[in-house]
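The structure appears right after this line, and notes come after that.
The values are calculated or read from the model by the stated rules, or taken from the named source; none is laboratory data. In this text the structure is predicted, and so the values were computed from the model without any measurement. Note that we place each Cβ from the backbone using ideal geometry, even for glycine, and neighbour counts take in every protein chain shown. All accessible areas refer to the heavy atoms of the entire protein, side chains included, with ligands and DNA or RNA removed. Shrake-Rupley method; radii C 1.70, N 1.55, O 1.52, S 1.80 Å.
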Amino acid sequence: MYSFKNDYSEGAHPRILNALIETNFEQEGGYGEDRYTRNAIELLKEKIDRTDVDIHLLSGGTQTNLIAISAFLRPHEAAMAASTGHILGHETGAIEATGHKILSIETDDGKLNPSGLKEALDAHTDEHMVKPKLVYISNSTEIGSIYKKSELEQLRDFCRENNLILYMDGARLGSALCSYENDLSLSDLPNLVDAFYIGGTKNGALIGEALVICRDSLKEDFRYHMKQKGALLAKGRLLGIQFSELFRDNLFFDLATHANKMAGILRKALEEAGVQFLTHSPSNQLFPILPDAFIAELEKKYAFHVWEKVSEDTSAIRLVTSWATKEDEVTEFIKEMNKLKGY
Ligand SMILES: Cc1ncc(COP(=O)(O)O)c(C=O)c1O
(Lines give C-alpha, C1' and ligand atoms only; values in the text may rest on other atoms or scores of the structure.)
Protein backbone atom coordinates (compact mmCIF):
# COMPACT_ATOMS: atom_id res chain seq x y z
CA MET A 1 0.00 0.00 0.00
CA TYR A 2 1.57 3.30 -1.07
CA SER A 3 1.36 6.13 1.43
CA PHE A 4 0.43 9.76 0.85
CA LYS A 5 -0.06 10.11 4.59
CA ASN A 6 2.85 12.38 5.37
CA ASP A 7 6.29 13.57 4.41
CA TYR A 8 8.16 11.52 6.98
CA SER A 9 7.23 8.01 5.87
CA GLU A 10 10.69 7.42 4.40
CA GLY A 11 14.05 7.52 6.19
CA ALA A 12 16.48 10.12 4.93
CA HIS A 13 18.02 11.24 1.68
CA PRO A 14 21.00 8.93 0.85
CA ARG A 15 23.43 11.87 0.92
CA ILE A 16 22.57 12.41 4.57
CA LEU A 17 23.05 8.77 5.44
CA ASN A 18 26.38 8.76 3.57
CA ALA A 19 27.53 11.84 5.44
CA LEU A 20 26.69 10.16 8.75
CA ILE A 21 28.63 7.04 7.74
CA GLU A 22 31.63 8.95 6.41
CA THR A 23 32.02 10.91 9.64
CA ASN A 24 31.17 7.99 11.92
CA PHE A 25 34.57 7.36 13.47
CA GLU A 26 35.59 10.97 13.89
CA GLN A 27 35.80 12.10 17.49
CA GLU A 28 33.98 15.32 18.22
CA GLY A 29 32.75 17.50 21.05
CA GLY A 30 29.28 16.88 22.48
CA TYR A 31 26.13 18.94 22.94
CA GLY A 32 26.38 20.86 19.69
CA GLU A 33 29.99 21.90 20.29
CA ASP A 34 31.29 19.95 17.35
CA ARG A 35 32.63 21.12 14.06
CA TYR A 36 29.64 19.86 12.03
CA THR A 37 27.17 21.85 14.07
CA ARG A 38 29.42 24.92 13.83
CA ASN A 39 29.68 24.38 10.07
CA ALA A 40 25.90 23.92 9.69
CA ILE A 41 25.28 27.14 11.60
CA GLU A 42 27.76 29.04 9.42
CA LEU A 43 26.15 27.65 6.24
CA LEU A 44 22.68 28.58 7.47
CA LYS A 45 23.82 32.09 8.38
CA GLU A 46 25.19 32.47 4.85
CA LYS A 47 21.90 31.30 3.30
CA ILE A 48 19.92 33.57 5.60
CA ASP A 49 22.43 36.32 4.86
CA ARG A 50 22.68 37.40 8.49
CA THR A 51 25.52 36.90 10.93
CA ASP A 52 23.69 38.35 13.93
CA VAL A 53 21.09 35.58 14.36
CA ASP A 54 21.42 32.73 16.87
CA ILE A 55 20.84 29.25 15.49
CA HIS A 56 20.13 26.11 17.51
CA LEU A 57 19.59 22.61 16.16
CA LEU A 58 16.80 20.61 17.74
CA SER A 59 15.38 17.22 16.99
CA GLY A 60 11.66 17.70 16.28
CA GLY A 61 8.89 20.20 15.67
CA THR A 62 6.93 19.84 18.91
CA GLN A 63 10.16 20.05 20.89
CA THR A 64 11.22 23.19 19.04
CA ASN A 65 7.83 24.86 19.43
CA LEU A 66 7.51 24.15 23.13
CA ILE A 67 11.05 25.16 24.04
CA ALA A 68 10.99 28.33 21.93
CA ILE A 69 7.55 29.46 23.00
CA SER A 70 8.07 28.72 26.70
CA ALA A 71 11.47 30.43 26.64
CA PHE A 72 10.11 33.53 24.92
CA LEU A 73 7.10 34.04 27.20
CA ARG A 74 6.80 35.16 30.82
CA PRO A 75 4.54 33.02 33.05
CA HIS A 76 1.29 34.96 32.51
CA GLU A 77 1.71 35.41 28.78
CA ALA A 78 -0.16 33.52 26.06
CA ALA A 79 0.35 32.52 22.45
CA MET A 80 -2.17 33.18 19.68
CA ALA A 81 -2.63 30.71 16.84
CA ALA A 82 -5.03 29.93 14.01
CA SER A 83 -7.65 27.43 15.18
CA THR A 84 -6.09 24.97 12.72
CA GLY A 85 -2.57 25.66 14.07
CA HIS A 86 -0.41 22.65 14.81
CA ILE A 87 0.31 23.69 18.40
CA LEU A 88 -3.41 23.84 19.14
CA GLY A 89 -4.61 20.56 17.74
CA HIS A 90 -1.69 18.22 17.34
CA GLU A 91 0.87 18.72 20.09
CA THR A 92 -0.92 17.06 23.00
CA GLY A 93 -1.05 20.28 24.99
CA ALA A 94 2.75 20.54 24.92
CA ILE A 95 2.70 24.34 25.01
CA GLU A 96 -0.06 24.46 27.61
CA ALA A 97 1.92 22.01 29.74
CA THR A 98 4.63 24.70 30.02
CA GLY A 99 1.98 26.97 31.58
CA HIS A 100 1.00 29.07 28.58
CA LYS A 101 -2.50 29.30 27.20
CA ILE A 102 -2.98 29.28 23.43
CA LEU A 103 -5.71 31.59 22.18
CA SER A 104 -7.45 30.18 19.13
CA ILE A 105 -8.29 32.47 16.21
CA GLU A 106 -10.68 31.41 13.45
CA THR A 107 -9.40 31.82 9.89
CA ASP A 108 -10.66 30.86 6.43
CA ASP A 109 -7.35 29.65 5.11
CA GLY A 110 -5.18 28.75 8.11
CA LYS A 111 -3.38 32.12 7.94
CA LEU A 112 -3.48 34.75 10.67
CA ASN A 113 -4.01 38.40 9.87
CA PRO A 114 -4.00 41.62 11.94
CA SER A 115 -7.77 41.84 12.27
CA GLY A 116 -8.07 38.40 13.87
CA LEU A 117 -5.21 39.24 16.22
CA LYS A 118 -6.75 42.59 17.14
CA GLU A 119 -9.97 40.87 18.22
CA ALA A 120 -7.99 38.57 20.50
CA LEU A 121 -6.04 41.52 21.96
CA ASP A 122 -9.20 43.54 22.51
CA ALA A 123 -10.77 40.64 24.39
CA HIS A 124 -7.85 40.51 26.85
CA THR A 125 -7.87 43.68 28.81
CA ASP A 126 -6.43 43.22 32.28
CA GLU A 127 -4.58 41.03 34.76
CA HIS A 128 -7.58 38.76 35.30
CA MET A 129 -6.84 37.28 31.91
CA VAL A 130 -3.73 35.97 30.23
CA LYS A 131 -1.76 38.53 28.27
CA PRO A 132 -1.52 37.69 24.54
CA LYS A 133 2.16 38.06 23.66
CA LEU A 134 3.29 35.65 20.98
CA VAL A 135 1.85 35.10 17.53
CA TYR A 136 2.37 31.55 16.27
CA ILE A 137 2.16 30.99 12.54
CA SER A 138 3.40 28.19 10.36
CA ASN A 139 4.60 28.33 6.76
CA SER A 140 3.28 26.33 5.07
CA THR A 141 0.24 26.25 7.32
CA GLU A 142 -1.44 23.19 8.72
CA ILE A 143 -3.80 23.20 5.74
CA GLY A 144 -1.14 23.75 3.10
CA SER A 145 -1.56 27.48 2.46
CA ILE A 146 1.49 29.75 2.33
CA TYR A 147 2.19 33.30 3.45
CA LYS A 148 2.95 36.05 0.94
CA LYS A 149 5.64 38.58 1.82
CA SER A 150 3.07 41.38 2.07
CA GLU A 151 1.00 39.32 4.53
CA LEU A 152 4.03 38.77 6.74
CA GLU A 153 4.88 42.47 6.53
CA GLN A 154 1.40 43.29 7.79
CA LEU A 155 1.74 40.80 10.62
CA ARG A 156 5.21 42.12 11.48
CA ASP A 157 3.98 45.71 11.59
CA PHE A 158 1.02 44.76 13.74
CA CYS A 159 3.26 42.80 16.11
CA ARG A 160 5.70 45.69 16.41
CA GLU A 161 2.90 48.20 17.10
CA ASN A 162 1.49 45.90 19.78
CA ASN A 163 4.74 44.67 21.28
CA LEU A 164 4.12 41.07 20.25
CA ILE A 165 6.57 38.33 19.32
CA LEU A 166 6.10 36.83 15.84
CA TYR A 167 7.20 33.19 15.69
CA MET A 168 7.11 31.05 12.56
CA ASP A 169 6.97 27.26 12.68
CA GLY A 170 8.82 26.11 9.58
CA ALA A 171 8.29 22.36 9.77
CA ARG A 172 7.42 22.65 6.06
CA LEU A 173 9.27 25.86 5.25
CA GLY A 174 11.09 24.15 2.37
CA SER A 175 7.83 23.38 0.61
CA ALA A 176 6.54 26.91 1.25
CA LEU A 177 9.68 28.59 -0.10
CA CYS A 178 9.73 26.37 -3.18
CA SER A 179 6.03 26.83 -3.96
CA TYR A 180 5.09 28.25 -7.37
CA GLU A 181 3.26 31.02 -5.50
CA ASN A 182 6.04 31.91 -3.08
CA ASP A 183 7.61 35.37 -3.11
CA LEU A 184 9.80 34.97 -0.01
CA SER A 185 13.40 33.90 0.42
CA LEU A 186 15.18 32.61 3.52
CA SER A 187 17.00 35.93 3.80
CA ASP A 188 13.70 37.85 4.05
CA LEU A 189 12.66 36.04 7.19
CA PRO A 190 14.83 37.79 9.82
CA ASN A 191 13.32 41.09 8.65
CA LEU A 192 9.81 39.73 9.07
CA VAL A 193 9.68 37.47 12.11
CA ASP A 194 11.39 37.36 15.52
CA ALA A 195 12.20 33.66 15.34
CA PHE A 196 11.55 30.82 12.94
CA TYR A 197 12.68 27.30 12.31
CA ILE A 198 13.79 25.49 9.20
CA GLY A 199 12.34 22.00 9.16
CA GLY A 200 14.59 19.12 8.23
CA THR A 201 12.49 16.18 9.45
CA LYS A 202 9.85 16.62 6.75
CA ASN A 203 12.34 17.52 4.05
CA GLY A 204 14.80 14.68 3.76
CA ALA A 205 16.64 14.69 7.10
CA LEU A 206 16.44 11.76 9.50
CA ILE A 207 15.45 14.22 12.18
CA GLY A 208 16.19 17.86 12.87
CA GLU A 209 14.95 21.43 12.92
CA ALA A 210 17.11 24.56 12.87
CA LEU A 211 15.73 27.31 15.09
CA VAL A 212 16.78 30.82 14.09
CA ILE A 213 16.37 33.50 16.75
CA CYS A 214 16.48 36.95 15.21
CA ARG A 215 15.37 39.30 17.99
CA ASP A 216 18.20 39.94 20.45
CA SER A 217 16.04 39.92 23.58
CA LEU A 218 14.96 36.32 22.87
CA LYS A 219 18.46 34.93 22.56
CA GLU A 220 19.69 34.89 26.13
CA ASP A 221 20.31 31.52 27.80
CA PHE A 222 18.56 29.55 25.07
CA ARG A 223 20.91 26.60 25.49
CA TYR A 224 19.88 26.45 29.17
CA HIS A 225 16.24 26.15 28.06
CA MET A 226 17.21 23.40 25.63
CA LYS A 227 19.15 21.47 28.22
CA GLN A 228 16.45 21.76 30.86
CA LYS A 229 13.90 20.33 28.44
CA GLY A 230 16.12 17.48 27.31
CA ALA A 231 16.88 18.86 23.87
CA LEU A 232 20.62 19.51 24.09
CA LEU A 233 21.75 16.26 22.55
CA ALA A 234 25.07 14.75 23.63
CA LYS A 235 25.39 13.59 20.02
CA GLY A 236 24.41 16.96 18.63
CA ARG A 237 26.75 16.14 15.75
CA LEU A 238 23.93 14.05 14.23
CA LEU A 239 21.96 17.23 13.65
CA GLY A 240 25.00 19.23 12.54
CA ILE A 241 25.99 16.64 9.93
CA GLN A 242 22.49 16.56 8.48
CA PHE A 243 22.06 20.32 8.21
CA SER A 244 25.58 20.67 6.79
CA GLU A 245 24.62 18.24 4.06
CA LEU A 246 21.23 19.83 3.37
CA PHE A 247 22.73 23.31 3.03
CA ARG A 248 26.17 22.50 1.56
CA ASP A 249 24.56 23.13 -1.81
CA ASN A 250 20.92 23.29 -2.94
CA LEU A 251 19.84 19.89 -1.57
CA PHE A 252 17.29 21.30 0.90
CA PHE A 253 15.55 23.27 -1.86
CA ASP A 254 15.87 20.50 -4.46
CA LEU A 255 14.11 18.05 -2.15
CA ALA A 256 11.28 20.49 -1.41
CA THR A 257 10.96 21.26 -5.11
CA HIS A 258 10.54 17.56 -5.83
CA ALA A 259 7.81 17.22 -3.16
CA ASN A 260 5.99 20.23 -4.63
CA LYS A 261 6.35 18.91 -8.17
CA MET A 262 4.71 15.61 -7.18
CA ALA A 263 1.90 17.53 -5.45
CA GLY A 264 1.55 19.67 -8.58
CA ILE A 265 0.98 16.60 -10.76
CA LEU A 266 -1.64 15.32 -8.33
CA ARG A 267 -3.31 18.75 -8.05
CA LYS A 268 -3.61 19.13 -11.81
CA ALA A 269 -5.10 15.65 -12.25
CA LEU A 270 -7.59 16.20 -9.44
CA GLU A 271 -8.61 19.56 -10.88
CA GLU A 272 -9.05 18.00 -14.29
CA ALA A 273 -11.29 15.37 -12.72
CA GLY A 274 -13.45 18.24 -11.41
CA VAL A 275 -12.51 17.70 -7.76
CA GLN A 276 -12.96 20.62 -5.33
CA PHE A 277 -10.44 21.32 -2.57
CA LEU A 278 -10.98 22.21 1.09
CA THR A 279 -8.37 24.93 0.80
CA HIS A 280 -6.06 26.53 -1.73
CA SER A 281 -2.73 24.81 -1.00
CA PRO A 282 0.15 25.56 -3.36
CA SER A 283 2.50 23.34 -1.32
CA ASN A 284 3.07 19.62 -0.76
CA GLN A 285 -0.21 19.04 1.07
CA LEU A 286 -3.50 18.73 -0.83
CA PHE A 287 -7.00 18.48 0.62
CA PRO A 288 -9.33 17.20 -2.13
CA ILE A 289 -13.00 16.68 -1.27
CA LEU A 290 -14.23 13.25 -2.37
CA PRO A 291 -17.32 11.07 -1.93
CA ASP A 292 -17.01 8.93 1.23
CA ALA A 293 -17.77 5.76 -0.75
CA PHE A 294 -14.90 6.54 -3.14
CA ILE A 295 -12.59 7.31 -0.21
CA ALA A 296 -13.38 3.86 1.21
CA GLU A 297 -12.28 2.31 -2.09
CA LEU A 298 -9.09 4.42 -2.25
CA GLU A 299 -8.23 3.36 1.29
CA LYS A 300 -7.92 -0.22 0.12
CA LYS A 301 -4.91 0.76 -1.99
CA TYR A 302 -3.50 3.92 -0.45
CA ALA A 303 -2.69 5.31 2.97
CA PHE A 304 -3.76 8.92 3.66
CA HIS A 305 -5.57 10.90 6.34
CA VAL A 306 -9.29 11.52 6.14
CA TRP A 307 -9.07 15.14 7.27
CA GLU A 308 -12.63 16.28 7.93
CA LYS A 309 -16.24 15.72 6.99
CA VAL A 310 -17.46 18.29 4.46
CA SER A 311 -21.04 17.16 3.82
CA GLU A 312 -23.19 14.18 4.67
CA ASP A 313 -21.52 12.02 2.05
CA THR A 314 -18.23 13.77 1.26
CA SER A 315 -15.00 14.36 3.17
CA ALA A 316 -11.70 16.11 2.60
CA ILE A 317 -8.69 13.83 2.59
CA ARG A 318 -5.10 14.95 3.04
CA LEU A 319 -2.55 13.88 0.45
CA VAL A 320 1.05 14.68 1.27
CA THR A 321 3.97 14.26 -1.11
CA SER A 322 7.57 14.18 0.00
CA TRP A 323 11.17 14.49 -1.13
CA ALA A 324 10.97 10.73 -1.83
CA THR A 325 7.56 10.42 -3.52
CA LYS A 326 7.85 8.31 -6.68
CA GLU A 327 6.38 9.81 -9.83
CA ASP A 328 5.22 6.33 -10.96
CA GLU A 329 3.16 6.03 -7.81
CA VAL A 330 1.60 9.43 -8.44
CA THR A 331 0.71 8.30 -11.96
CA GLU A 332 -0.86 5.11 -10.60
CA PHE A 333 -2.88 7.11 -8.07
CA ILE A 334 -4.12 9.41 -10.82
CA LYS A 335 -5.41 6.38 -12.75
CA GLU A 336 -7.63 5.62 -9.75
CA MET A 337 -9.23 9.03 -10.25
CA ASN A 338 -10.82 7.74 -13.46
CA LYS A 339 -13.05 5.59 -11.25
CA LEU A 340 -14.40 8.71 -9.55
CA LYS A 341 -17.03 9.14 -12.27
CA GLY A 342 -18.78 6.03 -10.95
CA TYR A 343 -19.52 7.71 -7.58
C1 LIG B 1 3.59 22.56 11.18
C2 LIG B 1 4.09 21.51 12.12
N3 LIG B 1 4.72 21.88 13.24
C4 LIG B 1 5.19 20.99 14.10
C5 LIG B 1 5.06 19.64 13.90
C6 LIG B 1 5.51 18.68 14.95
O7 LIG B 1 6.63 18.02 14.57
P8 LIG B 1 7.09 16.68 15.34
O9 LIG B 1 6.12 15.62 14.97
O10 LIG B 1 8.48 16.47 14.81
O11 LIG B 1 7.09 16.96 16.80
C12 LIG B 1 4.43 19.19 12.74
C13 LIG B 1 4.27 17.73 12.49
O14 LIG B 1 3.54 17.26 11.69
C15 LIG B 1 3.91 20.15 11.83
O16 LIG B 1 3.26 19.78 10.73
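Scoring 198-207, 67-76 by mean Cβ neighbours within 10 Å over their residues and listing the highest first yields 198-207, 67-76. The label point for ARG248 and the one for GLU271, both projected 7 Å from the Cα toward the Cβ, are 3.7 nm apart.
With a Förster radius of 45 Å applied to the C-beta separation of GLU28 and THR331, the computed FRET efficiency comes to 0.55.
Could you sort out which of LYS45/LYS229; LYS45/LYS118; LYS202/LYS229; LYS101/LYS261 sit more than 28 Å apart by Cα distance in this structure? Violating the 28 Å Cα-Cα cut-off are LYS45/LYS118; LYS101/LYS261. Placing pseudo-labels 7 Å out from each Cα toward the beta carbon at ASN6 and GLU297 gives an inter-label distance of 2.9 nm. If you run the Gaussian network model on the chain, springs between alpha carbon atoms under 10 Å, then out of ARG156, ARG237, ARG15 the most flexible one is ARG15. Ligands, DNA and RNA left out, the accessible area of the chain computed with a 1.4 Å probe is 48% carbon and sulfur.
What does the net charge come to around GLY110 if you take all other residues with beta carbon closer than 15 Å to its beta carbon, with K and R at +1 and D and E at -1? Result for the local shell: -4.
For VAL310, what charge total do you get from the other residues with a beta carbon under 14 Å from its beta carbon, if Lys and Arg give +1 and Asp and Glu give -1? With Lys, Arg at +1 and Asp, Glu at -1, the neighbours total -2. Considering only alpha-carbon pairs that sit under 8 angstrom and 6 or more positions apart, the relative contact order computed for the chain is 24 percent.
Neighbours of ASP34 by Cβ distance under 10 Å: Lys/Arg scored +1, Asp/Glu scored -1, total +1.
Measuring from centroid to centroid over Cα atoms, what is the spacing of the range 230-293 and the range 105-180 in Å? Between the Cα centres of the range 230-293 and the range 105-180 lies a distance of 21 Å.
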